[in-house]
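The values are calculated or read from the model by the stated rules, or taken from the named source; none is laboratory data. In this text the structure is predicted, and so the values were computed from the model without any measurement. When we count neighbours, we look across all protein chains shown, and the Cβ atoms used for this are built from the backbone with ideal geometry, even at glycine.
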């Protein structure tokens, strides 16, 4: 019976991915470049009208680079997105049912001992249950769509399953490409996770310190408590003295970046803690052991919560990292141009081909696709 559920779920996911390919990509633009015939067809006026939707470029940074033909052809997105959401919802519903069948059905006699679960590629938001750094169970998260965000509540272990003397059980929430999810922690704190992110936390905050681990990007609203709240991100950790902040960590980029919206936080890096105020950004590059604090508009760094990409003087390698996480592709940036900075904004509803084409115009760089990998040179 269990094998039939797995097979059904796999078939549903394949169908959803096929629909996503057909309806969210421009197959005729498979090369990633809009052909001249588009312009010859007299679509220039319509394309310029959608300039604000593709990218709003900082005039001081990019004046003269986007005078004409920045925007791609408008997509008939409403019908496509409706069809995609239905397909993804169907696949998710089947997968959730498949995962919850053994979990809920065995709830009364549930035991944490037994065989370990082999991890596979995650295609929907999933929670892994871990003990002693090994996965003992996994399930798809229950999802409901609210606007452009899938809201998720990660269940934790009931008190009667936290046996005295046993090692702590952790929940690890994994968000795949194309999703933005909100997770409720055991203490009532809320974390919104961006695509390609992971959050690991204990099933119960039973100690004097509330501690979680983040990979990727998350927006935190921390519940007030007498217990300190700490977020570990690679070699750094953030101690929370207030309530709302955005945190980004990438081992690949060797960067930890925190932007404070409200309250107070301190970033511990290189054996020293540095506190910041609202509308300040702290950035630590562990590869170069460099720490920087600057004044910013915090709203610019949380636009991803509203289904948009927005950058003000962002490095090209960071922009490429975010695009790769959202669209599920590999993007490489030539080292000599990785530190170039750009300011732009566009919606996540755009296809990858549209975004790649816009990047060519914005940066003036060559973007090649070789063996499934995009290279910006």
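Structural remarks
- Some residue of the stretch 291-298 being touching a residue at least 40 places away in the same chain (Cβ under 8 Å), part of a helix (DSSP H, G or I), within 25 Å of residue 184 (Cα to Cα) and within 20 Å of the chain's Cα centre (by Cα): yes
- When 145, 119 are checked against the criterion of being surrounded by fewer than 21 Cβ atoms within 10 Å (Cβ to Cβ), assigned to a loop (DSSP other than H, G, I, E, B) and modelled with pLDDT under 85, a single residue qualifies: 119.
- Check on residue 316, in contact with a helix residue (DSSP H, G or I) (Cβ under 9 Å, 6 or more places away or on another chain) and either over 16 Å from residue 377 (Cβ atoms) or touching a residue at least 12 places away in the same chain (Cβ under 8 Å) (or both): yes
- Selected residue (criterion: farthest from the chain's Cα centre (by Cα)) from residues of the stretch 197-222 that are surrounded by 22 or more Cβ atoms within 10 Å (Cβ to Cβ) and outside any strand (DSSP E or B): 222
- Residues satisfying the stated conditions in the stretch 238-257, i.e. farther than 18 Å from residue 280 by Cβ and not in a loop (DSSP other than H, G, I, E, B): 250
- Residue that is surrounded by the most Cβ atoms within 10 Å (Cβ to Cβ) [pool: residues in the stretch 241-255 that are in contact (Cβ under 8 Å) with a residue 40 or more places away in the chain and in contact with a strand residue (DSSP E or B) (Cβ under 7 Å, 6 or more places away or on another chain)]: 255
- Selection status of residue 160, outside any strand (DSSP E or B), surrounded by fewer than 19 Cβ atoms within 10 Å (Cβ to Cβ), more than 17 Å from the chain's Cα centre (by Cα) and at pLDDT 85 or above: no
- Positions within the stretch 181-196 being closer than 20 Å to residue 252 by Cα and part of a strand (DSSP E or B), in sequence order: 193
- For the stretch 182-198, the criterion of being touching a helix residue (DSSP H, G or I) at 6+ places or on another chain (Cβ under 9 Å) and modelled with pLDDT under 90 is met by none of the residues.
- Of all residues in the stretch 319-368, those satisfying the criterion of being assigned to a helix (DSSP H, G or I) and free of Cβ contacts under 8 Å to residues at least 12 places away in the same chain are 335, 336.
- Scanning the stretch 256-263 turns up no residue that is surrounded by fewer than 16 Cβ atoms within 10 Å (Cβ to Cβ), over 16 Å from the mean Cα position of the chain (by Cα), at negative phi and modelled with pLDDT under 95.
- Answer residue from the stretch 265-282, given it is part of a strand (DSSP E or B) and free of Cβ contacts under 8 Å to residues at least 24 places away in the same chain and is nearest to residue 243 (Cα to Cα) among those: 276
- For residue 294, the conditions (1) modelled with pLDDT of 95 or more; (2) surrounded by 14 or more Cβ atoms within 10 Å (Cβ to Cβ); (3) touching a strand residue (DSSP E or B) at 6+ places or on another chain (Cβ under 6 Å) are fulfilled apart from (2).
- Residue list for the stretch 175-194, filter: buried (at least 22 other Cβ atoms within 10 Å of the Cβ) and more than 23 Å from residue 133 (Cβ to Cβ): 179, 180, 181, 192
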